[in-house]
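**Student:** Provided herewith is a single structure, encoded as C-alpha cells, for subsequent inquiry.
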Amino acid sequence: MKHAVTRIISSMAAVLGLLFAAPAGAAGPIELNMYYPIAVGGPLTKLVDELVAGFEKENPGIKVNAIYAGNYDDARIKALAALKSGKPAQLSVLFSIDIYELIEQDAIVAFDDIVKTPEEKAWLKSFYPSLMANGTFKGKVYGIPFQRSTIVMYYNKDAFKEAGLDPNKPPSNWTELAEMGKKLVKHDAAGNVQRWGVMVPSTGYAYWMFQAFAMQNGQVLMNANGDKTYYDNPAVVQSLQYWYDLSHKYGVMPKGTIEWGTLRADFLDGKTAIMWHTTGNLTAVKDGAKFDFGVSMLPASKRRGSPTGGGNFYIFKKTTPEERVAAMKLIRYLTAPEQAAKWSIGTGYLATSPAAYETKTMKDYVAGFPYAIVARDQLPFSTAELSTFQTGRVRKLLDDAIQSVLTDKATPQAALKAAQDQADPLLRRYRSAK
Amino acid sequence: MHRSLLVHVYGWLLLLPAAVLLIAFTHYPAIASLAQSFFSPKSALYPSQFVGLDNYATMAADPVFWKVLKNNVWFAVGTVPASIVIAITMALWVNGRIPGRGLVRMAYFTPTILPMIAVANIWLFFYSPDIGLIDQVLSNFGIRGHNWLGRPETVMGCLIVMTIWKEAGFFMIFYLAGLQAISPEFEEAATLEGAGRWHYFRRVVFPLLMPTTLFVLINAMINSFKLVDQLFILTKGGPDNASSLLLYYIYQVAFSFLDESYAATLTVVLLAILAVLAIGQYFLLEKHIHYQ
C-alpha cells in the first residue's frame with residue numbers, strides 16, 4: 001500500500017520533472033545538488049558561493065546548486081529526505097560523525113570505488129591522516145574532510161601577567177592547569193569570584209570536550225568499527241574525575257554546566273582566564289578581544305590530545321557514474337590546496353592537507369597571525385570525533401553521564417558505568433554484521 | 001428524493017476541502033504514527049518488522065521518558081496558572097481608563113510577537129552567570145555567580161519564567177476581548193447594590209469570563225506540551241535532561257537518533273495526553289461556564 005503510494009507520487013514527480021527539465025535538453029550540463037551546513041558565525045554562504053562560482057568557471061559542463069541547509073542536524077535531515085523523495089542530492093557536506101548512520105541507510109558510496117587513476121588514488125592520501133579517521137569505515141574512505149576543527153586553549157595574557165605568570169607559558173599539563181588556574185582566580189572584596197581560572201563548556205558538545213580529556217589520559221572512547229565504546233575504562237573515569245575536580249577540588253572552574261554558546265562572551269569579558277573552545281572561534285576571538293590573548297594546544301596528562309570535529313563531503317549512492325565523476329571533480333576542486341587555504345582563513349577551520357599550509361596565501365596569513373597554525377600542530381595528537389552506529393543515542397548517553405557528574409548527581413564511576421551498560425546492547429548487533 | 005441527494009452531494013462537496021486537509025495533515029499522520037509504533041525502525045541493514053508492543057515496553061523502561069514526562073507536568077503546573085493569573089491582571093489593568101493605555105497594551109503584547117528563537121537568544125544572555133542581566137542586577141545586593149541554566153535545581157524555573165513572560169501577553173488579548181464583551185450595566189447594577197470591587201470581580205466578572213478561561217486554559221495546557229523552541233537555544237534539554245520536555249525528546253529520537261518507530265511511540269503518548277486534557281477540561285468545566 002505504502003509502496004503503491006510512493007510509486008504513484010514518484011511517477012508523478014518524474015512526469016513533472018520531465019516537463020520542466022525538457023527544455024534544458026538531453027545534451028545539457030550535468031547538474032549537481034549539494035547541501036551544506038554552517039555551524040559557526042560569519043558570512044560563510046558567500047564564501048561557499050564564491051568557491052562554487054570558481055569551479056563552474058573552470059568546468060562549464062557542470063552546474064552546481066549549493067544549498068545552505070542550516071546546522072548539521074538540519075542538513076542530515078534534508079539530505080536524507082531528498083534521498084527518499086524523487087530529487088536526491090548527488091553530494092553533500094554532512095557531519096563527519098554521520099558516517100555510520102549513512103552507511104546503515106545505505107546512502108553513500110566509498111571514494112575508493114570511484115577513483116580510477118593513480119593520481120586520483122594519490123589525492124585520497126593527500127589529507128592529514130587524523131582527519132580521515134572519521135571518514136573511513138572498514139578500510140574504505142567514505143568522507144573527504146572539508147570544514148574540520150579541533151579544540152584549542154585560548155588564554156588571556158593580561159590575566160597571566162596580573163597573576164604573576166609568564167604569559168608565554170600556558171599550562172602544558174593537567175597539574176599546571178590546576179596550579180595556574182588557582183593563581184588566575186580573582187576574588188572581589190566580598191569574596192565573590194570575579195574571574196575564574198578556566199572554563200570548559202559542557203552543554204551541546206559535552207562529549208566532544210570530554211574526548212579531549214580522555215585522549216590526554218591515553219584512552220579513546222570508541223573503536224574504529226563504531227560498534228564498541230569504552231566509557232567505563234578506568235582511564236576514562238579518571239579523566240571525568242579530573243574535569244569534576246577542576247571545579248570541586250581545585251576551585252578554578254564554576255560548578256554546574258558551562259554554556260557553549262555564551263562562553264566566548266565570558267572569555268572576551270574577562271570572566272575566565274582560560275577557555276577550551278573550537279578553532280572555529282579563532283577569527284571571532286581575534287576580532288573581539290580587547291586584551292592580549294594567546295592560543296595553545298590543550299594540556300597533557302599522559303599525552304596531548306584533542307578530538308577533531310566538523311563536516312565531510314559524501315557522495316550519495318543514488319547517482320549516475322557521470323554524476324559521481326562530476327561530484328568528485330567538485331570535491332577535488334574545493335579541497336585543493338589553494339581553496340582549502342582560502343576556506344581556512346575565512347573561517348578558522350583547519351586547512352585539510354599539508355599542501356594547503358605550503359601555499360603562499362596560507363604562509364602570508366600565518367606570518368601575520370601565528371596562532372592560525374596551533375590547530376595544525378595539534379593534529380598529530382588528535383583522534384576521531386565520537387561516532388558509532390546508533391550514534392545519536394550512544395553520544396547522548398555520554399553527554400548525560402558527563403552532565404550528571406558535573407551537576408553533582410552521580411559519581412564518574414557510576415555515571416560512566418551506566419552509560420556503558422546502556423550503550424553496549426545498542427551496539428551488540430552491529431558487531432556480527434558483515 | 002433526487003433533490004435531497006443533490007443537497008447531500010452539495011454538502012459533501014462543501015466539506016471536501018477542509019476534510020482533505022484535515023485527513024492529510026492531522027488524521028493520517030496520527031494513524032500512521034500509531035501503526036509505526038508497532039514496527040521496528042527501518043534501515044538498509046535491518047529492515048522494519050512487526051514487533052508488537054516492544055516499543056512501548058522500551059518506553060516504559062526508558063528513564064529519560066519518565067524524566068521528560070515529569071518535567072513536562074512541572075512545566076505545565078508552573079506556567080499555566082501563573083500565565084492565566086497574570087493575563088487577567090494585565091487585562092483588568094489595561095481595560096481601565098489609564099493614561100497611555102494603547103502604549104501599555106502594546107508593551108504587554110510585545111513578547112508575543114517576538115519569535116521564540118529570538119527570545120531564547122536574549123534570555124540566554126539574561127541567565128548567563130556573572131555577565132548576564134539577572135546576575136548583574138543581583139550583584140548590587142551582594143548575590144553573585146548563579147549558574148542559572150547550568151544547575152538542575154534552577155534550570156526548569158528559568159524556563160518557566162521565560163515562558164510566562166512570553167505567553168501572558170497573548171492570553172491577555174483574549175481576556176481583554178472578554179472584558180469588553182461584558183455589558184457596563186452589570187457594573188452599574190453592582191455599584192448600586194453596594195458590591196465592592198473584589199466582590200464584583202469574583203461574583204460577576206470572573207464567571208462571565210469562564211468561556212475565555214476555558215479557551216485559554218486548553219491553549220495554555222496544549223502549549224506547555226508543544227512549545228519547545230526555546231530548548232534548542234537555551235539548554236538542549238540539559239543538564240542531564242533536567243529541562244527536557246516530551247516533544248523535544250521526540251525530536252531528538254526522530255532526528256538525532258533517527259529512530260522513527262520509537263518517536264512514533266512517544267508521539268502516540270503525547271497525542272493521548274493532549275486528547276485526555278482537552279476532553280477532560282470540557283467535561284470538568286462545562287458546568288461552571290456561563291455562555292451568554
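Values quoted throughout were computed directly from the atomic coordinates according to the rules given, and no laboratory measurement underlies them. Model, not experiment: these values are computed from the prediction. Every residue, glycine as well, gets a Cβ built from its backbone with ideal geometry; the counts of neighbours run over all protein chains shown.
**Student:** Please state the charge dipole magnitude for region A:91-162, taken about the Cα centre, from unit charges on C-beta atoms (+1 on K and R, -1 on D and E), reported in debye and rounded to the nearest 20. Before the final figure, lay out the partial values.
**Tutor:** Working: 8 positive and 10 negative charges, 69 e Å.
The calculated dipole for region A:91-162 is roughly 320 debye.
**Student:** Could you compute the FRET efficiency for B:Ile122 and B:Ile222, with r as their C-beta to C-beta distance and R0 at 25 Å, rounded to 0.05?
**Tutor:** Values: r = 25 Å, r/R0 = 0.99.
Result of the calculation: an efficiency of 0.50.
**Student:** Which whole number gives the average count of other chain Cβ atoms within 10 Å of the Cβ atoms across peptide A:386-399? If you can, show how the numbers build up before the last one.
**Tutor:** Working: counts 0, 0, 0, 2, 3, 3, 8, 7, 1, 2, 8, 1, 0, 6.
So the per-residue partner count for this stretch is 3.
**Student:** Need the C-alpha centroid separation for region A:98-130 versus region A:148-190, integer Å.
**Tutor:** So the separation of the two Cα centres works out to 41 Å.
**Student:** Give the calculated FRET efficiency between B:Leu53 and A:His187 to the nearest 0.05, with a Förster radius of 60 Å applied to their Cβ-Cβ distance. Intermediate results must be reported in sequence, preceding the final value.
**Tutor:** Numbers: r = 58 Å, r/R0 = 0.97.
For R0 = 60 Å, the calculated efficiency reads 0.55.
**Student:** Residue by residue through B:129-138, how many Cβ atoms from other chains fall within 10 Å of the Cβ on average? Don't skip to the end; give the middle numbers.
**Tutor:** Working: counts 10, 10, 7, 3, 0, 0, 0, 0, 0, 0.
Mean shielding by partner chains, rounded to a whole number: 3.
**Student:** From the phi angles alone, apply the Karplus equation (6.51, -1.76, 1.60; θ = phi - 60°) to region A:185-193 and give each ³J(HN,Hα) in whole Hz, x where the residue is Gly or Pro.
**Tutor:** 5, 10, 10, 8, 4, 7, x, 7, 6
**Student:** Something else now. Does region A:177-241 come out rounded, prolate or oblate by the C-alpha gyration tensor, with a ≥ b ≥ c the root eigenvalues, rounded set by a/c under 1.5 and, if not, prolate when a/b is larger than b/c and oblate if not? Could the numbers behind the result be given before it?
**Tutor:** On the way: a/c = 3.87, a/b = 2.66, b/c = 1.45.
It is prolate, given that a/c is not under 1.5 and a/b is the larger ratio.
**Student:** Could you name the aspartates and glutamates in cross-link range of A:Lys271, using Cα to Cα under 12 Å and dropping any fewer than eight places away on the same chain?
**Tutor:** Within the straight-line cut-off, A:Lys271 pairs with B:Asp130.
**Student:** For A:Gly86, what residues show an amide H to amide H distance below 5 Å, using hydrogens built from the backbone and excluding near sequence neighbours?
**Tutor:** Those qualifying (amide H under 5 Å, at least 5 residues apart or on another chain) number zero.
**Student:** Follow-up. For a bin width of 10 Å, list the pair-distance distribution of region A:298-434 built from all Cα-Cα distances, rounded to whole %.
**Tutor:** 10, 24, 28, 24, 14, 1
**Student:** Also, quick follow-up: Would you work out which of A:Pro321, A:Ser247, A:Tyr230 lies farthest towards the positive end of the dipole of the protein assembly as shown? Charges go on Cβ: Lys and Arg +1, Asp and Glu -1.
**Tutor:** A:Pro321
**Student:** Please arrange A:Leu131, B:Leu214 by counting, for each residue, the other beta carbons lying within 10 Å of its beta carbon, fewest first. Present the calculation step by step, with values, prior to reporting the outcome.
**Tutor:** On the way: A:Leu131 24, B:Leu214 18.
Sorted ascending by nearby Cβ count, the order is B:Leu214, A:Leu131.
**Student:** OK, next. Number of Lys-Lys pairs in region B:63-288 under 24 Å by Cα, sequence gap 8 or more or different chains?
**Tutor:** On the way: B:Lys67/B:Lys226; B:Lys67/B:Lys236; B:Lys70/B:Lys166; B:Lys70/B:Lys226; B:Lys70/B:Lys236; B:Lys166/B:Lys226; B:Lys166/B:Lys236; B:Lys226/B:Lys236.
Final tally of qualifying lysine pairs is 8.
**Student:** Something else about it: Residue by residue, what Karplus-based ³J(HN,Hα) values in Hz, rounded to whole numbers, does region B:40-47 have, using 6.51, -1.76 and 1.60 with θ = phi - 60° and x for Gly and Pro?
**Tutor:** Here the 3J(HN,Hα) series is 7, x, 9, 9, 5, 6, 10, x Hz.
**Student:** In addition: Please label the shape of region A:105-186 as rounded, prolate or oblate, based on the square roots a ≥ b ≥ c of the eigenvalues of the alpha-carbon gyration tensor (a/c under 1.5 means rounded; beyond that, a/b larger than b/c means prolate, else oblate). Kindly include the intermediate steps, with their values, before the conclusion.
**Tutor:** Values: a/c = 4.53, a/b = 3.40, b/c = 1.33.
Note, shape of region A:105-186 comes out prolate.
**Student:** At 15 Å minimum axial length over the Cα atoms and a Kyte-Doolittle cut of -0.5, report the qualifying DSSP H helices in chain B, or say none. Let's see the in-between values first.
**Tutor:** On the way: long enough: B:2-22 (30 Å, 1.46); B:63-95 (47 Å, 1.16); B:101-113 (18 Å, 0.41); B:116-127 (16 Å, 1.87); B:152-180 (43 Å, 1.13); B:210-226 (23 Å, 1.02); B:260-285 (37 Å, 1.84).
Sorted by number, the helices that extend far enough and score high enough are B:2-22, B:63-95, B:101-113, B:116-127, B:152-180, B:210-226, B:260-285.
**Student:** Further, regarding this structure: What Kirkwood Rh does region A:213-341 have if only Cα atoms enter the pairwise 1/r average? Answer in Å.
**Tutor:** Averaging 1/r across every pair of different Cα atoms and inverting gives 18.6 Å.
**Student:** Next question. Hey, with R₀ at 41 Å, roughly what FRET efficiency would B:Val9 and B:Leu114 work out to, going by the Cβ-Cβ distance, to 0.05? Can you show the working numbers first?
**Tutor:** Details: r = 47 Å, r/R0 = 1.16.
The pair B:Val9/B:Leu114 has a calculated efficiency of 0.30.
**Student:** Rounded if a/c is under 1.5, else prolate if a/b is larger than b/c, else oblate: which is region B:237-284, with a ≥ b ≥ c the root eigenvalues of its Cα gyration tensor? Walk me through the numbers before you get to the answer.
**Tutor:** On the way: a/c = 4.80, a/b = 1.70, b/c = 2.82.
Taking the square roots of the gyration eigenvalues as a ≥ b ≥ c, region B:237-284 is oblate.
**Student:** Here is a further query. Would you mind ranking A:Asp74, A:Asp266 so that the residue whose beta carbon has the fewest other beta carbons within 10 Å leads the list?
**Tutor:** Least to most surrounded, the residues fall as A:Asp74, A:Asp266.
**Student:** Step through the table entries A:Lys329/A:Lys360; A:Lys116/A:Lys318; A:Lys249/A:Lys396, compare each Cα-Cα distance with 29 Å, and write down the pairs that go over it.
**Tutor:** From A:Lys329/A:Lys360; A:Lys116/A:Lys318; A:Lys249/A:Lys396, over 29 Å: none.
**Student:** I'd like the mean, over residues of A:257-266, of how many other protein chain beta carbons sit within 10 Å of each residue's own Cβ.
**Tutor:** Details: counts 11, 5, 13, 1, 7, 8, 1, 0, 5, 5.
Whole-number average of other-chain Cβ neighbours for A:257-266 is 6.
**Student:** I would also like to ask the following. Give me, ordered by chain and number, the residues 5 or more places off A:Ile258 or on other chains with an amide H under 5 Å from its own placed amide H.
**Tutor:** A:Ser202, A:Thr203
**Student:** Where nothing but the Cβ of Lys and Arg (+1) and of Asp and Glu (-1) is charged, how large is the charge dipole of region B:63-288 around its Cα centre, in debye to the nearest 20?
**Tutor:** Working: 14 positive and 13 negative charges, 52 e Å.
Roughly 240 debye, rounded to the nearest 20.
**Student:** Can I ask one more? Using C-alpha positions alone, give me the convex hull volume of chain B per residue in cubic angstrom.
**Tutor:** On the way: hull volume 67.0 nm³, N = 292.
Dividing the Cα hull volume of chain B by its residues yields 230 Å³.
**Student:** What is the list of residues in region A:353-371 whose amide nitrogen lies under 15 Å from a point 7 angstrom out from the Cα of A:Asn168, following Cα to Cβ?
**Tutor:** Backbone N within reach: A:370-371.
**Student:** Per residue Cα convex hull volume for region A:148-257, in cubic angstrom? Provide the component values of the computation, followed by the final result.
**Tutor:** Values: hull volume 14.0 nm³, N = 110.
Convex hull volume per residue, Cα atoms: 127 Å³.
**Student:** Quick one: helix A:321-335 against the long Cα principal axis of chain A, what's the angle to the nearest 10°, folded into 0 to 90?
**Tutor:** 30
**Student:** On to the next question. How large is the convex hull of the C-alpha atoms of region B:86-231 per residue, in Å³? Mind showing how you got there, number by number?
**Tutor:** Numbers: hull volume 22.4 nm³, N = 146.
Considering the Cα atoms of region B:86-231, their hull volume per residue is 153 Å³.
**Student:** Inverting the mean 1/r over all pairs of different Cα atoms, compute the Kirkwood radius of region B:1-104 and quote it in Å.
**Tutor:** Numbers: mean 1/r = 0.0497 Å⁻¹.
With all distinct Cα pairs of region B:1-104 included, I get 20.1 Å.
**Student:** Let me ask something additional. To check my understanding: the extent here is largest minus smallest coordinate of the Cα atoms along each principal axis. What are those three numbers for the protein assembly as shown, in Å, largest first?
**Tutor:** Between the extreme Cα coordinates on each principal axis of the protein assembly as shown lie 94, 84, 49 Å.
**Student:** List the pair-distance distribution P(r) of chain A, using every Cα-Cα distance, as the percent of pairs falling in each 20 Å bin from 0 up to the bin containing the longest distance, rounded to whole percents.
**Tutor:** Spelled out bin by bin, chain A gives 24, 53, 20, 2 percent.
**Student:** Whole-Å semi-axes of region B:169-292's equivalent ellipsoid, largest first, each the root of 5 times a Cα gyration tensor eigenvalue? All intermediate terms of the calculation are to be shown ahead of the outcome.
**Tutor:** Numbers: eigenvalues 353, 52, 21 Å².
They are 42, 16, 10 Å, listed largest first.
**Student:** Moving on to the next point. Relative contact order of chain B: what whole-number percent is it, with Cα pairs under 8 angstrom and at least 6 residues apart?
**Tutor:** Values: 291 pairs, mean separation 80.2, N = 292.
So the answer I get is 27 percent.
**Student:** Over region A:319-389, what number does the Rg to Rh ratio reach, with both radii from the alpha-carbon atoms and Rh per Kirkwood? Kindly include the intermediate steps, with their values, before the conclusion.
**Tutor:** Working: Rg = 14.9 Å, Rh = 13.7 Å.
Here the Rg-to-Rh quotient is 1.09.
**Student:** With θ set to phi - 60° and the Karplus curve 6.51 cos²θ - 1.76 cosθ + 1.60, what are the ³J(HN,Hα) couplings of region B:52-57 in order, to the nearest whole Hz, using x for Gly and Pro?
**Tutor:** x, 9, 3, 4, 6, 5
**Student:** Among B:Ser40, A:Leu47, B:Thr267, whose Cα lies farthest out toward the positive end of the dipole of the protein assembly as shown, if unit charges sit on the beta carbon of Lys, Arg (+1) and Asp, Glu (-1)?
**Tutor:** Going by the Cα projections, it comes out as B:Ser40.
**Student:** A:Tyr142's amide H: which non-local residues (gap 5+, or another chain) put their own amide H closer than 5 Å, with H modeled 1.01 Å from N in plane and none for Pro or chain starts?
**Tutor:** Residues meeting the criterion, in which the H sits 1.01 Å from N, are A:Phe111, A:Thr136, A:Phe137.
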